[in-house]
Amino acid sequence: MTEPYNHLEIEEKWRRNWEENPVNVNDGKKSKYYCLDMFPYPSGAGLHVGHWRGYVISDVWSRYQLMHGKYVIHPMGWDAFGLPAENYAIKTGQHPSVSTAANIAGIKKQVKQIGAIYDWDMELNTTDPAFYRWTQWIFVQMFKKGLAYEKEMPLNWCPNCKAVLANEEVVNGKCERCGAEVTKKNLRQWMLKITAYADRLLEGLDSLDWPDKVKKMQSEWIGRSYGAEVNFGLAGREESITVYTTRPDTLWGATFMVLSPEHALVPVITSPEQTAAVEAYCADAANKSNVDRVQAKDKTGVWTGAYAVNPLNNAKVPVWISDYVLADYGTGAIMCVPAHDERDWDFAKKFDLPIIPVISPDGNDMQNITEPYVTAVGTMINSGSWNGMKSEKLKKEAPAIIEKLGYGKKTVNYKLRDWVFSRQRYWGEPIPIIHCPHCGAVPVPEDQLPVMLPNVESYQPTDNGESPLAAIDDWVNTTCPCCGAPAKRETNTMPQWAGSSWYFLRYVDAHNEDALVSREKADAFLPVDMYIGGVEHAVLHLLYSRFYTKFLHDIGALDFDEPFQRLFNQGMILGPKGIKMSKSLGNVVSPDDMIRDYGCDSLRMYELFIGPPQQDAAWDDRGIDGVNRFLRRFWNLCGEQYAQDYPETAETLRIRNGLIADITDRLTRFNLNTAVSAFMECTNRMAAAGNMDRKTLRTAAQLIAPFAPHIGEELWQRMGGTDSVFHSRWPEADLEAIREDVKEIAVQVNGKLRGKITIPVDMAKEEVIAEARRELDDRLTGTVVKEIYVPGKIVNIVVK
Ligand code: ANZ
Ligand code: ZN
């Protein structure tokens, strides 16, 4: 077996072989492991090497599980509804189902080249009526439980195209197509009441083995805060203003109030002298996005002419309006404490309003403060009977005190909003509702699902903001399932998120016609053990999926309520100059050429070798060349030394067990780039030692198999393996053999044990510290001030 490494031949051979004899089968005895990829949108542009990265990582992980005797659920499918297919249809007149089918065929061919153990019997496509029937079914269940409801909502509206625009079609406040200024238009929308799950979505995070960063993003998105609603009377009026504050302890420092321009009291309390200015201001605010409103440093606003009265001290404070107060958060009105809030400070400075500090860090008077004390921790001052109290204690007690005094009540607030669930678009799941003049909104009976997406001639959104479906009279007009009267179908469709919020449940029972997934299969194969995908989905997709899963749990369809136990986010692969790959920049690297020139195994290993998998990394053609040279060296070495049949020695034992320990350790910690370099170093060592025994060579082939499956399988079988390498058991290191070579080191943060790493005894200090930081990963927060290495014992990282 000394012929040169021919990747084309080997890869073709095993691709065919595995297709005929799948290595991953469920014999009913093995325990399951579900390793899921975020499924792709089948765009016409196909895959680039960046898309490969997550798929390679998940396949390495899947194959590693396989070699632990697991039945691995590793499926692939297509998230195929959405705007691009529809816009393509508008341009070319080709039906989206036609272009989508063509794109899927193309991308599937590419995905197959990854050499992954996908189970194609599980393949699914969100635009398939047999799939979206269940997407609609879930909506009907939500409707029945009162979680789907209708509401008027402002939408992006292009007055020139006369069309509703999706957020991604609005670029800097202008219509992406024609450049006209985008305005808002109120339209009836379907909403999903995700807020009913806010607490559970927040609390469920604790049980998940997810990157802390992602948990934090979800938790901030949900944004639960505790505080009080406080009522301020209005001087000379009956009405009062209710504000939401998280800092009722600062009530004595409220020197003015601000209402959002949309607040219902604005027209009521505005004085005749101020009316013109207030109206002009409100008209202006209506066209700004919330993000712009909150972030603007230069505050704007007008006085309403009215005064409110602080319930605690009867101070008369002016009531202003400003767009930095959002209409849909809290009560849309705030009490302003400029001494302790940055935004209020900016506003007070701009309009020359009084500033009264009420919390002092040292209890001393705070005259002439030059910036807001936003930390707001210390001793109460200028606060009447609260003077001298500790602010931290008062902050906790103030809501109850205020409630007791009758000035307001304790409250909880969330940033999370209900989910706007309708789109005025063609290429999506029709919302399965019928509008009856007598019965109102009636769900389509379950045995009539799916509501098929009809063919249309024009995909163009209509000029009254309705979906193109509204123009198909014989589809729209139907009869009411309740009373039989003439009725109309809902013409809005679902957002692209609808299918992706539950697709992972369907894979394990993809052909079931009686349920979205049978309880039996769900109990046996779900939930997902490991989910791998890009961090861009950290909030919405993952939150929506968790919401759906909790809902399905609540109606008895599932016995678990968190879909993804573990999550791994891979970084992006950037173009050769470190810039995001894009067609328009012409820096897209296609996997197809790489596979022809170097082979799938080389590409897979380079995708891993390119850098720490969590981080972005720039593509470099020389890198794949280097990996390919390594694989050839590995191939030749195995061939030559196997033929010699050398005996086992203490040295070969050390090499073998060292490699097992290294690869296992790096793989389980997802240090996949350093796992590849461990192979490279070990190959050099083996070449230098020059007398490897057959078991060591076979073990090396076995260890490399999850990374480079074709060459791994070929070498394994050439070196005496009778069954697939993927049916062999992952080897365990005999630590006795390498006792002198490696050491387990404690990793501490500020002197507290946070993990352990196993390292070669002669590893340089810098490398040990790098290894320790990798082990800590995102558990290491704060700024590192010092790194201490006590050789062979401890790494201590001191953070501030
Ligand atoms: C007085 C105060 C004093 C406040 C202080 C903060 C600091 P989170 O934590 O995000 O919930 N606020 C309330 N409703 C608002 C709205 N609709 N638009 C903009 N700001 C609003 O923030 C709650 C705080 O944000 C509230 O507490 C309120 O300002 C402001 F030293 O009240 B605070
Ligand atoms: Zn009816």
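The values are calculated or read from the model by the stated rules, or taken from the named source; none is laboratory data. Owing to the predicted nature of the structure, the values given are computational and were not obtained by experimental measurement. All Cβ positions, glycine included, derive from the backbone under ideal geometry; neighbour counts span all protein chains shown.
For this structure, a couple of remarks:
- From the options Gly363, Gly388, Gly384, residue that is away from ligand 1 (no atom under 16 Å from the Cβ) and touching a helix residue (DSSP H, G or I) at 6+ places or on another chain (Cβ under 9 Å): Gly384
- Checking each residue in region 478-521 for being of a type in the set (A, V, I, L, M, F, W, C), under 30 Å from the mean Cα position of the chain (by Cα) and in a loop (DSSP other than H, G, I, E, B) picks out Met494, Trp502, Ala510, Ala515, Leu516, Val517.
- Strands (runs of 3 or more DSSP E) fully within region 316-428 that include at least 1 residues being more than 16 Å from ligand 2 (Cβ to nearest atom) and of a type in the set (D, E, K, R): 316-321, 408-413.
- Selection from region 483-510 of residues that are touching a His at 6+ places or on another chain (Cβ under 8 Å) and over 30 Å from Trp120 (Cβ atoms): Cys483, Ala485, Ala487, Lys488, Arg489, Glu490
- Restricting region 125-152 to residues that are aromatic (Phe, Trp, Tyr) and buried (at least 16 other Cβ atoms within 10 Å of the Cβ), the residue that is nearest to Gln448 (Cα to Cα): Trp137
- For region 453-490, the set of residues classified as surrounded by fewer than 16 Cβ atoms within 10 Å (Cβ to Cβ), of a type in the set (S, T, N, Q) and within 16 Å of ligand 2 (Cβ to nearest atom) consists of Asn477, Thr479, listed by residue number.
- Restricting Ala285, Ala296 to residues that are within 30 Å of Asn156 (Cα to Cα) and touching a helix residue (DSSP H, G or I) at 6+ places or on another chain (Cβ under 8 Å) narrows the list to Ala285.
- Of the criteria (1) under 19 Å from Asn314 (Cβ atoms); (2) within 16 Å of ligand 1 (Cβ to nearest atom); (3) without any contact (Cβ under 8 Å) to a residue 60 or more places away in the chain, which one Ala264 fails: (1)
- Hits in region 522-568 - residues which are under 18 Å from Pro40 (Cα atoms) and part of a loop (DSSP other than H, G, I, E, B): Ala538, Val539
- Summed over region 180-199, residues that are part of a helix (DSSP H, G or I) and surrounded by 15 or more Cβ atoms within 10 Å (Cβ to Cβ) total 5.
To keep it simple, each residue is scored yes or no on (1) within 16 Å of ligand 2 (Cβ to nearest atom); (2) at pLDDT 95 or above; (3) more than 30 Å from Val539 (Cβ to Cβ); (4) assigned by TED's automatic domain parsing to the domain that holds Ile355.
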{"residue": "Val214", "(1), (2), (3), (4)": "no, yes, no, no"}
{"residue": "Arg237", "(1), (2), (3), (4)": "no, no, yes, yes"}
{"residue": "Val243", "(1), (2), (3), (4)": "no, yes, no, yes"}
{"residue": "Asp249", "(1), (2), (3), (4)": "no, yes, yes, yes"}
{"residue": "Thr255", "(1), (2), (3), (4)": "no, yes, yes, yes"}
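- Within region 85-124, tally of residues that are touching a residue at least 12 places away in the same chain (Cβ under 8 Å), surrounded by fewer than 17 Cβ atoms within 10 Å (Cβ to Cβ) and polar (S, T, N, Q): 1
- With respect to (1) buried (at least 20 other Cβ atoms within 10 Å of the Cβ); (2) free of Cβ contacts under 8 Å to residues at least 40 places away in the same chain, the lone exception for Arg177 is condition (1).
- Being touching a Lys or Arg at 6+ places or on another chain (Cβ under 6 Å), of a type in the set (S, T, N, Q) and loosely packed, with under 13 Cβ neighbours inside 10 Å is a condition met by at least one residue of region 783-794.
- For region 429-452, the set of residues classified as more than 16 Å from ligand 2 (Cβ to nearest atom) and either buried (at least 21 other Cβ atoms within 10 Å of the Cβ) or over 21 Å from Tyr548 (Cα atoms) (or both) consists of Glu429, Pro430, Ile431, Asp447, Val451, Met452, listed by residue number.
- Exactly one residue among Ala85, Ala102 is of a type in the set (A, V, I, L, M, F, W, C), over 27 Å from Val539 (Cβ atoms) and not in a strand (DSSP E or B), and that residue is Ala102.
- Taking the listed residues Leu201, Leu205, the one that is closer than 27 Å to Asp561 by Cβ and without any contact (Cβ under 8 Å) to a residue 40 or more places away in the chain is Leu205, with no other qualifying.
- Residues of region 311-337 classified as touching a Lys or Arg at 6+ places or on another chain (Cβ under 8 Å), more than 19 Å from Ala277 (Cβ to Cβ) and either modelled with pLDDT of 95 or more or more than 7 Å from ligand 1 (Cβ to nearest atom) (or both), total: 2
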